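Notes for the one structure printed next.
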Amino acid sequence: MRQMPSNSVRSPAASREESARREMVERFVAPRGVDDPRVLAAMREVPRHLFVPEPLRGKAYGDHSLPIGFGQTISQPYVVGIMTSRLAIEPGHKVLEIGTGSGYQTAVLSRLARTVYSLERLDELARRSSALLRQLGCQNVSVKAFDGTYGYPAAAPYDRILVTAGTDEVPEPLLAQLAVGGRLVVPIGPPDRQRIRVVRRRKTDFAQEDGEAVVFVPLVGKFGRAGIPG
Ligand code: SAH
């Protein structure tokens with residue numbers, strides 16, 4: 001069957017959103033050092049406005065994070081771009097994400113990897129984002145509701161692990177579930193300011209490097225922020 005040219009079936013609202021996405025990537029993401037074409041393409045495609053609460057949809061493509069309920073936030077587009085490009089995901093990779101939140105970052109990962117497991121400690125957010133991701137046809141994603149600082153041993157090891165909440169130290173179980181040759185990206189530092197840390201697992205040890213300053217909501221859990229019970 002021949003496919004219709006996609007422009008002919010697109011509503012005016014959809015093409016408005018598409019140009020908003022293109023502008024978001026061109027103004028706020030690409031100029032800040034995100035140059036991986038696959039990451040930029042994924043961010044041009046994922047309908048970010050659907051991942052924010054209805055009253056905030058008009059702000060979905062701006063240069064900021066936004067509240068998503070339960071005291072949590074969807075990250076600023078540039079931060080999603082930086083963290084995703086630091087992961088250097090290849091199409092065959094199996095990825096573990098801690099902190100599904102709105103599911104936006106998960107949707108971006110799902111376009112780049114073979115399989116994505118995403119863990120969210122708040123049931124309601126896990127339910128919502130899982131439903132939305134299914135609706136959008138992200139079939140290679142599995143969202144689970146529990147404390148992600150334990151990781152998800154059932155599907156380990158992972159080629160890539162992304163933590164989208166801030167903590168003092170990399171949770172030990174996540175290091176254990178990272179494949180040799182794999183990479184883990186996590187915001188490390190005190191609650192008011194972290195740096196994006198990239199950890200690489202080599203044959204016999206781990207190498208790490210700290211990058212951009214960011215502010216994330218806390219990673220709450222057994223191996224997360226000290227003193228905050230899961
Ligand atoms: N990547 C998300 C950002 C969400 S904010 C997005 O694009 O929307 C961070 C999320 O991490 C919050 O939803 C919070 O509930 C979740 N979180 C915090 N600690 C967690 C833990 N131990 N395990 C799983 N999720 C956690």
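What follows is calculated from the coordinates using simple rules that are stated; it is not laboratory data. This is a predicted model, so every value here is computed, not measured. Glycine also receives a Cβ, built like all others from the backbone with ideal geometry; neighbour counts cover every protein chain displayed.
Results, tabulated for the structure shown:
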item: Average Cα contact separation per residue, the chain, under 8 Å, 6 or more apart, as relative contact order %; result: 14 percent
item: Among Val52, Pro12, Thr149 the positive-end extreme of the charge dipole of the chain (Cβ point charges); result: Pro12
item: DSSP loop trypsin sites (Lys or Arg not before Pro) with at most 16 other Cβ within 10 Å: longest gap in the chain; result: 11-113
item: Shape category assigned to the range 78-168 from the gyration tensor of Cα positions, a/c cut at 1.5; result: rounded
item: Axial C-alpha extent at least 15 Å, average Kyte-Doolittle at least -1.0 - helices from the chain (DSSP); result: 77-87, 123-135
item: Proximal lysines relative to Lys144, as straight alpha-carbon distance under 17 Å, when same-chain residues fewer than 8 apart are discounted; result: Lys94, Lys222
item: Antiparallel DSSP beta bridges within the chain, percent to nearest 5; result: 45 percent
item: Net length gained if the chain between Asp35 and Phe206 were fully extended (0.36 nm per residue, minus Cα distance); result: 59.0 nm
item: Top positive-direction residue, dipole computed over the range 39-179 with Cβ charges, set Leu136, Gly69, Tyr104; result: Leu136
item: Cα gyration tensor shape of the range 1-151, rounded if a/c is under 1.5, else prolate or oblate by comparing a/b with b/c; result: rounded
